[in-house]
1. Post the alpha-carbon centroid distance, region 13-42 to region 170-243, in whole angstrom.
2. Only Cα pairs under 8 Å and at least 6 apart count here; give the relative contact order of the chain as a rounded whole percent.
3. What are the principal axis extents of the Cα atoms in region 94-194, in Å, biggest first?
4. Fewest Cβ neighbours within 10 Å first, please rank Tyr49, Tyr193 accordingly.
5. Treat the count of other C-beta atoms within 10 Å as a stand-in for reagent exposure and order Ser127, Ser103 from fewest to most.
6. Within the set of other residues whose C-beta is less than 12 Å from the C-beta of Cys148, count the net charge using Lys and Arg as +1 and Asp and Glu as -1.
7. With Kirkwood's inverse mean 1/r over C-alpha pairs for Rh, give me the Rg to Rh ratio of the chain, two decimals please.
8. Starting from the Cα gyration tensor of region 117-262, take the square roots of the eigenvalues, sort them a ≥ b ≥ c, and report rounded, prolate or oblate (rounded when a/c is under 1.5, otherwise prolate if a/b is larger than b/c, else oblate).
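Any read-out appearing in this document is the output of simple, stated calculations on the displayed coordinates, not a laboratory observation. For clarity, every value in this text was computed on a predicted model and none was experimentally measured. Cβ placement follows ideal geometry from the backbone for every residue including glycine, while neighbour counts extend to all protein chains displayed.
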Amino acid sequence: MGPIGVFDSGYGGLTVLADIRASLPQYDYLYLGDNARAPYGTRSFDVVYDYTLEAVQELFDRGCSLVILACNTASAKALRTIQQNDLPQIAPNKRVLGVIRPSAEVLGSLTKSKHVGILATEGTVKSNSYVLELEKFSPEVTIHQQSCPMWVPIIENNRHDSEAGRLFIQEDVKRLLEKDPAIDTILLGCTHYPLVKSYLESILPNHISVISQGKIVAESLSDYLIRHPEMEMECSKNGSLQFLTSENTHVFNEKASVFYNGPVDAVHIKW
Ligand code: DGL
């Protein structure tokens, strides 16, 4: 038995972890942020895949049987290869899950106009993962995407409340709505973006809902554990929480506590 692993390139996955832990507090969790190599959003497919596999292996080595990629970029660029090619070789009894599929599964039920928008990193948008997944679950829904390459650096540097930061955010939202004025539901397809959710709600018309992924992923994990008792049995239940980062822990702890909305005391890992 071991903790449930939660991985992100940096801080964003902490927004998902907070919701997972709120709905499934009984389990142990091990969070890994690859802050030293973040952001992943503008990196190539091969690099994101290599880094993500390395992180998954690290979490496996530390006893996790189930790992959640709480990062859209890693889910878009690495998940399928890890599930199909790597797991059968390196750990046939372990599982890795992502955040794109659970979000795509519910998106169709959240929109009335049947027009949705995705705000995400360049990597996630270019992968077309949301378009392909949504087509499977809700082919009647029209989807438009907008990449927001500046948002992760702006948010990580705590500049999202500044005038300059807000200008970048406004510009990308405007671009998305110009692509399709009928959009009534916008998914924050990057786990960093919940930090700007209330600002987005303040600049968008009332009929447009802004959806973040934390609760969706938490519900999907809860459902997964019910449907897979053999995996559930592998997850230890002492309610503990540990953080790992590839960056300096001092820097990580300070910023991570904002994303997690609670105290963070991380351990440094060297690859
Ligand atoms: N949080 C990651 C995501 O959900 C992106 C952050 C990054 O660019 O590293 O896509």
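1. Their Cα centres are 13 Å away from one another.
2. Taking the mean separation of contacting Cα pairs over the length of the chain, I get 28 percent.
3. Projected onto the principal axes, the Cα atoms of region 94-194 cover 42, 39, 21 Å.
4. If I rank by nearby Cβ atoms, fewest first, I get Tyr49, Tyr193.
5. In increasing order of surrounding Cβ atoms, one gets Ser127, Ser103.
6. -1
7. Rg/Rh: 0.95.
8. oblate
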